[in-house]
Protein chains: 2
Amino acid sequence: MSEIAVIITDMFEDVEYIKPADAFRKVGHELIHVGLTEGKTVRGKKEGTPVKIDKSVAQVSAKDFDALLIPGGYSPDRLRVDENAVNFVKEFAESGKPIFSICHGPQLLITAQAVKGRKITGYKSIMQDIKNAGAKFVDQEVVVDGNLVSSRDPRDLPAFIRASLKKLEG
Amino acid sequence: MSEIAVIITDMFEDVEYIKPADAFRKVGHELIHVGLTEGKTVRGKKEGTPVKIDKSVAQVSAKDFDALLIPGGYSPDRLRVDENAVNFVKEFAESGKPIFSICHGPQLLITAQAVKGRKITGYKSIMQDIKNAGAKFVDQEVVVDGNLVSSRDPRDLPAFIRASLKKLEG
């Protein structure tokens, strides 16, 4: 089974972490929570869901994992100011390993300059940012372009999870 | 004195509204709070500062005001999904009237396609989005480019307020 890094910090969209995480664990994948400070508990935006950070993003490499999950909410906005977080995501994008991005997730990919020429979707508010970054924004529940699986918002979670699980199967 | 529209919704950065608003009122300018729903009270992100919406953005025009203030926080992210808010900001930008933007304020200007070729600053997290939109990102406490006055974050408020007041004088 796969070891999946979840890059996450405070103000994440609760269900965009909870539902994929549950689905991944259910079939035997392992989640490693990567954030700004090892051991810290970060919390979701709406429900305050607690998530303990297993590893500081400064201490990990894309080599350590098989896939990356980027939940949305305001977590990506807070992570993209951190150079280590941006470099980790960039390294992941370059590795060709699966990346699962939902909602505001593409904000991190944009700062990591990882979307140019790619087909991707994301939350409506960042549509112009996605287009300006040179990506093709596709307005559908899930977009799969090579290693990159993306969805728009919580309503797309079933399709997002389905496509992500399929990608993990290889 | 000037009639200044403040475009604002929930999760605004409290001080980025409070401090410019106080400074503008102190010298006699009038503030009109423009948001998604007339009569609704919106609240700041950190301190829960209440702001009553005077006018729905669907019912106003740039013609009704002399200048526009865009406080930051997550308010601009929530406003840029609203077509009326985007059109209002676009109309303002085209009018040449002063626009005061701080922190995440440029997110609204980007969706309104109003920053291409302009010198502007904003919060570090959206630096790449500002560059991708074709603007020149300048990393300083306040940037004045024609009608557009912009600052990075709450630490820049004294310079932001000084430059905005000067723009209103002339």
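Values in this text are rule-based calculations from the coordinates and carry no lab data. What you are looking at is a predicted structure, and each value in this text was computed from that prediction instead of being measured. Please note: Cβ atoms are built from the backbone with ideal geometry, for glycine as well, and neighbour counts cover all protein chains shown.
Sorting A:E38, A:E30, B:E13 by the number of Cβ atoms found within 10 Å of their own Cβ, with the fewest placed first, yields A:E30, A:E38, B:E13.
In this structure, the residue pairs whose Cα-Cα separation is over 19 Å, taken from A:K19/A:K90; A:K119/A:K167; B:K97/B:K167; B:K45/B:K116; B:K55/B:K124; A:K45/A:K167, are A:K19/A:K90; B:K45/B:K116; B:K55/B:K124; A:K45/A:K167. Remark: the protein assembly as shown carries a charge dipole of roughly 360 debye about the Cα centre, counting +1 on each Lys and Arg Cβ and -1 on each Asp and Glu Cβ. The fewest-to-most ranking of A:I161, B:I126 by surrounding Cβ atoms within 10 Å reads A:I161, B:I126. Counted by neighbouring Cβ atoms within 10 Å, the residues A:M1, A:M127 run from fewest to most as A:M1, A:M127.
Quick one: net charge of B:V143's neighbours, Cβ under 11 Å, K/R +1, D/E -1? Summing Lys and Arg as +1 and Asp and Glu as -1 gives 0.
Within 12 Å, Cβ to Cβ, of A:R162, how many net charges do the neighbouring residues add up to if Lys/Arg are +1 and Asp/Glu are -1?
0
Between region A:1-68 and region B:106-146, the alpha-carbon centres lie 32 Å apart. Grouping the Cα pair distances of chain B into 10 Å bins from zero gives a pair-distance distribution of 12, 45, 38, 5 percent in increasing distance order. Across chain A, the relative contact order, built from alpha-carbon pairs under 8 Å that are at least six residues apart, equals 20 percent.
Assuming R0 = 45 Å, what is the FRET efficiency of A:K55 and B:K166, from their Cβ-Cβ distance, to the nearest 0.05?
0.40
Summarising the label geometry, the points placed 7 Å from Cα in the beta-carbon direction at B:D66 and B:T37 lie 3.3 nm from one another.
Taking chain A as a Gaussian network of alpha-carbon nodes connected by springs under 10 Å, the highest mean-square fluctuation of the residues A:I18, A:I70, A:I99 belongs to A:I18. Each Lys and Arg adds +1 at its Cβ and each Asp and Glu adds -1 at its Cβ; summed about the Cα centre, region A:1-113 shows a dipole of about 160 debye. Shielding by partners for peptide A:123-131, expressed as the average number of C-beta atoms from other protein chains within 10 Å of each residue's C-beta, is 6. Extension gain, B:Q140 to B:A159, is 5.8 nm, computed as 0.36 nm per intervening residue step minus the present C-alpha separation. Which whole number in µm²/s is D for the protein assembly as shown by Stokes-Einstein, with the Kirkwood Rh taken over Cα pairs at 25 °C and 0.890 mPa s? Estimated via Stokes-Einstein, D reaches 120 µm²/s.
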